[in-house]
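K.L.:
Provided herewith is a single structure, encoded as structure tokens, for subsequent inquiry.
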Amino acid sequence: MTSFLVETILLVALIGTIAGLLVFRRELRELKSNQANYATSLDETGVALMTVGNAIREINMQGLTTLQNLIVEIERARTMLDELEKAASLAPAEPVRSGARASGR
């Protein structure tokens, strides 16, 4: 009778262990599936970050080109302004208007 009781306890323990292992196996499969999903997501995130980095570098280059073009245009405008000021200093104090001559003013 004692051996039957011990064998029954061992059988119940074995069945419990098998059930626990089946649950554990199912959880491992889910973790493996989730790990693949996480790896894919991380890869996609890496690609997206590289794309953003490239876009930022391109924007910086375009900004630098625009700034250089702006500097050139400002220098041209300053040169033209200097020429206009020189021309204005050489011009007579009161400009003669063609309409003023005809009316006799």
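The values are calculated or read from the model by the stated rules, or taken from the named source; none is laboratory data. Source: prediction; values computed, not measured. FYI the Cβ positions are ideal-geometry reconstructions off the backbone, even for glycines, and counts take in every protein chain you see.
One line per residue, one yes/no per condition, for (1) among the polar types (S, T, N, Q); (2) surrounded by 10 or more Cβ atoms within 10 Å (Cβ to Cβ):
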residue: Met1; (1), (2): no, no
residue: Ala19; (1), (2): no, yes
residue: Arg26; (1), (2): no, yes
residue: Thr45; (1), (2): yes, yes
residue: Ala55; (1), (2): no, yes
residue: Met80; (1), (2): no, yes
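K.L.:
From the list Glu94, Glu83, which one is of a type in the set (Asp, Glu) and at pLDDT 90 or above? Break it down into steps so the answer makes sense when it comes.
P.N.:
Values: Glu94 fails: at pLDDT 90 or above.
That would be Glu83, the only listed residue that is of a type in the set (Asp, Glu) and at pLDDT 90 or above.
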